[in-house]
């Protein structure tokens, strides 16, 4: 019996994520948060039928997971604390966006996430080159 192409694609995607190096997973999480933020930004925040809050919630969930995954045992307490503060800032801004039903906080969050994504991409390239 042939495998459904959709099932095969889903299986491949799941396998590629499960076997990905941690740095790639971090990059994919940042990209996902930014993508959800963009989708939320295209929604009418005042329309109860829009997906504004859903997409906002998904971006926020990713940022929360990134914050919770910080390893505070590394020998870089200032870096880990600053990273945590950046994530908390993003979470606060997205919380404000949800409460006010406004996309006004998005540019600041997008700037933080884009800057961090660029840094992680740089680390990923360095790891691949090593």
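Cβ contacts < 7 Å: first residue farther than 15 Å from residue 66 by Cα, restricted to the range 100-121; second residue exposed (fewer than 12 other Cβ atoms within 10 Å of the Cβ), any location; separation 6+ or different chain. Result?
101/46
How many residues are within 26 Å of residue 52 (Cβ to Cβ) and in a loop (DSSP other than H, G, I, E, B) if we restrict to the range 70-102?
Of the residues in that region, 2 qualify.
Being free of Cβ contacts under 8 Å to residues at least 24 places away in the same chain and within 16 Å of the chain's Cα centre (by Cα) is the filter; apply it to the range 41-57 and report the residue that is surrounded by the fewest Cβ atoms within 10 Å (Cβ to Cβ).
Once the filter is applied, the top-ranked residue is 54.
Where a number appears in this text, it was derived from the coordinates with a stated rule and is not lab data. Just so it is clear, the structure is predicted and the values come from calculations on it, not from any experiment. Methodologically, a virtual Cβ is constructed for each residue, glycine included, from the backbone with ideal geometry; neighbour enumeration extends over all protein chains shown.
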